[in-house]
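**Student:** I am attaching a structure below and will ask some questions about it afterwards.
The values are calculated or read from the model by the stated rules, or taken from the named source; none is laboratory data. Note that the structure is predicted; figures quoted are calculated from it, not measured. Here the Cβ positions follow ideal geometry from the backbone for every residue, glycine too, while neighbour counts run over all protein chains shown.
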Amino acid sequence: MPSCSNEAASIQRETTKPDIPAITAQETEDPSRLFELGQEPLHLTFYGHYSYYTMPQWGADPSSRWIRDRFNIHIEAINADGNAKLKLQKLIAGNQLPDIIWGDRDSDLERMREHGMLVPLNDYIDKYPNLKHWAGERILDLLRSPDGNIYYFPNYYTNRPYGNAGYVINERIYKELGSPALDTTDDLYAYLKQVKERYPDVIPFETGQAKEGNGIDQLFSAFKENNYSFTRYFAVANGDRMTSIYKDEGFRESALFVAKLMREGLMTPDGMTQTEDQVSEKLMNGKVAVYASADPIRLAMVADAELRKRDPDNGYRFIDPIYKAGLDRTKIYPGSYNILGWNVAAITTSAKNPEAIFAMLDWMTGPEGSAVQMWGPPGADGYWNGFAEDGITPLFTSKYGTDPDGLAEIQSLSGDMIWVGNTVYLDRTKSEYEMTLPPEQRNWATYWQQTVTWKSQGDATPFINIRPAPNTEEGGIMKTAKEIWLKARADAMFGTTDEEVLAVLDQAHEDSMAAGFQLYLDYITARWQENRRVLSQN
């Protein structure tokens, strides 16, 4: 499940009901005015604006098949074919916009909004019950554009911590090496050396797709308190300013650490080129000792189930975040979350019936849509069968606790089609139920979210939407800065000496500053401070 996130405080068993509010009659009044899903066929096209994303076939998995058959909804995928920006340009130039575009809240979607290609959602938000109810005014205010309208339907929005970033270890290898301490970066280094000596056919430290920052961003977090992995901005928060990442002591230390792991053969050498399928294969075969990424749950969950089929004592487990000795571990965040969640869905002006599409998205983010997508179709032979009297809480069946492999398979397929995920509903609902099960029946992902990942993610809400538009002077500087960053990150990773690594970073800083980097830093600082102001008013 894509998602990328992090929050505070693992959820303990509670005797009270989860903080899931009831929908009032006022919020659902006059239902005759609503578009009723299923009253007529709904055909639409969907484009995921990510070079790496390919939408699974609609109707091939149990969840989307149930939605298709129940509501007569038919969704045709338009895929990026490995180059999202080029694909979007072609769609716009050919006047072939998809009905839904799903992607980051970035300049690409903003340009479409500015040119009148997106449908304002205000009237629909007021008319349909779920998004307004579950998101609340604070989130809706953050989504509001300068013209006062809302064009984006958020995905994985929340009012509490969430996220999956962190470190996963192979349990069999860990036990065979004596279950040593794995707390500090020194502990990690010593452990990886042991793995290499004892298991020459195993990757000691697996990053996944490092070209996206996976693995190396998590290591950066180990060297800096209150760090939100802002390699994506090439800058870090320093007091009330955003400053160059290349001069940040924590980042420089992490770059040296990464290069040392690479030089000594303790880290996958293919991080910049490998595919997700290749990473998954290594995990499934137990050929990884430590795996760190922004979302290790998605691949490790399936791999854990596969390994335990062969050996119940094998599998994968999370560890608490690695940190540099002397730092406060409670301030180490291997990932981040924000209350707007991950990305957004927007309805384009090409849609023939935008209200019907909004009605579908609003249903998907509500209790029934969320339950179907996360736990499969309802029914006595499924994982849930209807709702409690509140109309919100799913009635889970015994299969939920006794067939974790089947549930993991459903979620591994349907997760890539959760486009408007409701984090509060999903996380709290499953958490409350999981705590009633014996430990051996709890879902692997939910267990580790509760015990490790949710409490170790940093709140990055103040840093959302701070990038400049590409057609501005600051946007042009950012484009150049990104090119410098991508080259410097790769060069530093393969630096043959500490001196070479630091020289790469120093040169990248100088090149960035010569390209006007300070103007860009001033811009994102101002946007960051404006977000802080808006948040302080809610």
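**Student:** Scan the range 416-427 and give yes if some residue there is surrounded by fewer than 20 Cβ atoms within 10 Å (Cβ to Cβ), in contact (Cβ under 8 Å) with a residue 24 or more places away in the chain, in the same structural domain as Leu361 (by TED's automatic domain parsing) and out of contact with any Gly (no Cβ under 6 Å at 6 or more places or on another chain), otherwise no.
**Tutor:** So the first thing to find is which residues in the range 416-427 are surrounded by fewer than 20 Cβ atoms within 10 Å (Cβ to Cβ), and the list is 416.
Still in the list and also in contact (Cβ under 8 Å) with a residue 24 or more places away in the chain: 416.
Keeping just the survivors that are in the same structural domain as Leu361 (by TED's automatic domain parsing) gives 416.
Now drop any that are not out of contact with any Gly (no Cβ under 6 Å at 6 or more places or on another chain), which leaves 416.
Yes, that holds for at least one residue.
**Student:** If I go through the range 219-239 residue by residue, how many of them are part of a loop (DSSP other than H, G, I, E, B) and either modelled with pLDDT of 95 or more or touching a helix residue (DSSP H, G or I) at 6+ places or on another chain (Cβ under 7 Å) (or both)?
**Tutor:** If we filter the range 219-239 for residues that are part of a loop (DSSP other than H, G, I, E, B), which is where we start, we get 223-229, 234, 239.
Right, trim to either modelled with pLDDT of 95 or more or touching a helix residue (DSSP H, G or I) at 6+ places or on another chain (Cβ under 7 Å) (or both) and you get 223-229, 234.
Residues meeting the conditions: 8.
**Student:** Name every residue in the range 159-181 that is touching a helix residue (DSSP H, G or I) at 6+ places or on another chain (Cβ under 6 Å), at negative phi and buried (at least 17 other Cβ atoms within 10 Å of the Cβ), in order of residue number.
**Tutor:** The answer is Pro161, Tyr162, Asn164, Val168.
**Student:** Might you check whether a residue that is touching a residue at least 40 places away in the same chain (Cβ under 8 Å), in a loop (DSSP other than H, G, I, E, B) and not acidic (Asp, Glu) occurs anywhere in the range 249-263?
**Tutor:** No, the range 249-263 contains no residue that is touching a residue at least 40 places away in the same chain (Cβ under 8 Å), in a loop (DSSP other than H, G, I, E, B) and not acidic (Asp, Glu).
**Student:** Against the definition (at pLDDT below 90 and among the charged types (D, E, K, R)), how does Glu483 come out, yes or no?
**Tutor:** Values: at pLDDT below 90: no; among the charged types (D, E, K, R): yes.
So Glu483 fails the test.
**Student:** I want to confirm something. Restricting to the range 449-480 and keeping residues that are of a type in the set (A, V, I, L, M) and at pLDDT 95 or above, which single residue is farthest from the chain's Cα centre (by Cα)? It would help to see each step written out before you state the result.
**Tutor:** Narrowing the range 449-480 to residues of a type in the set (A, V, I, L, M): 452, 460, 464, 466, 469, 477-478.
Narrowing the set further to residues that are at pLDDT 95 or above leaves 452, 477-478.
Working: Val452: 16, Ile477: 27, Met478: 23 Å.
Checked the range 449-480; the qualifying residue farthest from the chain's Cα centre (by Cα) is Ile477.
**Student:** Within the range 434-446, track down each residue that is assigned to a helix (DSSP H, G or I), surrounded by fewer than 17 Cβ atoms within 10 Å (Cβ to Cβ) and without any contact (Cβ under 8 Å) to a residue 40 or more places away in the chain. Before you say what the answer is, go through the steps one by one.
**Tutor:** Narrowing the range 434-446 to residues assigned to a helix (DSSP H, G or I): 434, 439-441, 444-446.
The next check asks that each one be surrounded by fewer than 17 Cβ atoms within 10 Å (Cβ to Cβ); those that pass are 439-441.
Residues satisfying the conditions are Pro439, Glu440.
**Student:** Here's something else I'd like to know. Pull out all pairs, ordered by first then second residue, where Cβ-Cβ is under 6 Å, the residues are six or more apart or on different chains, the first lies in the range 527-538 and is over 20 Å from Pro468 (Cβ atoms), and the second is surrounded by 14 or more Cβ atoms within 10 Å (Cβ to Cβ).
**Tutor:** Asn538/Arg138
**Student:** Still on this structure: Considering only residues of the range 184-205 that are among the charged types (D, E, K, R) and out of contact with any Pro (no Cβ under 9 Å at 6 or more places or on another chain), which is farthest from Ala289 (Cα to Cα)? Please lay out each step first, then the result.
**Tutor:** Taking the range 184-205 and keeping what is among the charged types (D, E, K, R), we get 186-187, 193, 196-198, 201.
Cutting the leftovers down to out of contact with any Pro (no Cβ under 9 Å at 6 or more places or on another chain) gives us 186, 197-198, 201.
Details: Asp186: 16, Glu197: 12, Arg198: 11, Asp201: 11 Å.
Out of the qualifying residues, it is Asp186.
**Student:** List every residue pair whose Cβ atoms lie under 6 Å apart, where the two residues are 6 or more positions apart in sequence or sit on different chains, the first residue falls within the range 28-42 and is polar (S, T, N, Q), and the second residue, located anywhere, is at pLDDT 90 or above.
**Tutor:** Thr28/Pro129
**Student:** From the list Tyr156, Tyr152, pick out the single residue that is at pLDDT below 95, out of contact with any His (no Cβ under 7 Å at 6 or more places or on another chain) and under 17 Å from Gly421 (Cα atoms). Break it down into steps so the answer makes sense when it comes.
**Tutor:** On the way: Tyr152 fails: at pLDDT below 95.
Step by step, each of Tyr156, Tyr152 is checked, and only Tyr156 is at pLDDT below 95, out of contact with any His (no Cβ under 7 Å at 6 or more places or on another chain) and under 17 Å from Gly421 (Cα atoms).
**Student:** Right, here's the next one. When residues of the range 27-77 are filtered for being in a helix (DSSP H, G or I), at pLDDT 95 or above and either under 14 Å from Asn353 (Cα atoms) or of a type in the set (Val, Ile, Thr) (or both), how many remain?
**Tutor:** 1
**Student:** Next question. Report yes if Ala259 is under 29 Å from Asp522 (Cα atoms) and either in contact with a Ser or Thr (Cβ under 6 Å, 6 or more places away or on another chain) or modelled with pLDDT of 95 or more (or both), otherwise no.
**Tutor:** On the way: under 29 Å from Asp522 (Cα atoms): no; either in contact with a Ser or Thr (Cβ under 6 Å, 6 or more places away or on another chain) or modelled with pLDDT of 95 or more (or both): yes.
Answer is no for this residue.
**Student:** Give the range 478-526 a look and list any residue that's in contact (Cβ under 8 Å) with a residue 12 or more places away in the chain, aliphatic (A, V, I, L, M) and closer than 17 Å to Ile466 by Cβ, or say none.
**Tutor:** Within the range 478-526, Met478, Ala481, Leu519, Leu521, Ile524 qualify.
**Student:** Would a scan of the range 284-293 turn up a residue that is in contact with a Gly (Cβ under 8 Å, 6 or more places away or on another chain) and either outside the structural domain of Glu176 (by TED's automatic domain parsing) or under 21 Å from Tyr228 (Cβ atoms) (or both)? Can you show your working first?
**Tutor:** Quick first cut of the range 284-293, residues in contact with a Gly (Cβ under 8 Å, 6 or more places away or on another chain) only: 291-293.
Then keep just the ones that are either outside the structural domain of Glu176 (by TED's automatic domain parsing) or under 21 Å from Tyr228 (Cβ atoms) (or both); that gives 292-293.
Yes: the range 284-293 contains one or more residues that are in contact with a Gly (Cβ under 8 Å, 6 or more places away or on another chain) and either outside the structural domain of Glu176 (by TED's automatic domain parsing) or under 21 Å from Tyr228 (Cβ atoms) (or both).
**Student:** Could you check how many residues of the range 186-208 are under 25 Å from Tyr447 (Cα atoms) and touching a Ser or Thr at 6+ places or on another chain (Cβ under 9 Å)?
**Tutor:** 5
**Student:** Moving to a separate point now. Among the residues of the range 288-314, which ones are more than 27 Å from Val258 (Cα to Cα) and not in a loop (DSSP other than H, G, I, E, B)?
**Tutor:** Here is the first cut: in the range 288-314, the residues more than 27 Å from Val258 (Cα to Cα) are 302, 305-314.
Hits for the range 288-314 are Val302, Ala305, Glu306, Leu307, Arg308, Lys309, Arg310.
**Student:** Scan (1) touching a helix residue (DSSP H, G or I) at 6+ places or on another chain (Cβ under 8 Å); (2) surrounded by fewer than 21 Cβ atoms within 10 Å (Cβ to Cβ); (3) more than 20 Å from Tyr156 (Cα to Cα) for the single condition Ala488 breaks and write down its number.
**Tutor:** Condition not satisfied by Ala488: (2).
**Student:** Filter the range 98-133 down to residues that are touching a Phe, Trp or Tyr at 6+ places or on another chain (Cβ under 8 Å), farther than 17 Å from Gly341 by Cβ and of a type outside the set (D, E, K, R) and give me whichever is surrounded by the most Cβ atoms within 10 Å (Cβ to Cβ).
**Tutor:** Restricting to residues being touching a Phe, Trp or Tyr at 6+ places or on another chain (Cβ under 8 Å), farther than 17 Å from Gly341 by Cβ and of a type outside the set (D, E, K, R), the top hit is Tyr128.
**Student:** Would you mind stating whether Glu281 is among the charged types (D, E, K, R) and touching a helix residue (DSSP H, G or I) at 6+ places or on another chain (Cβ under 8 Å)?
**Tutor:** no
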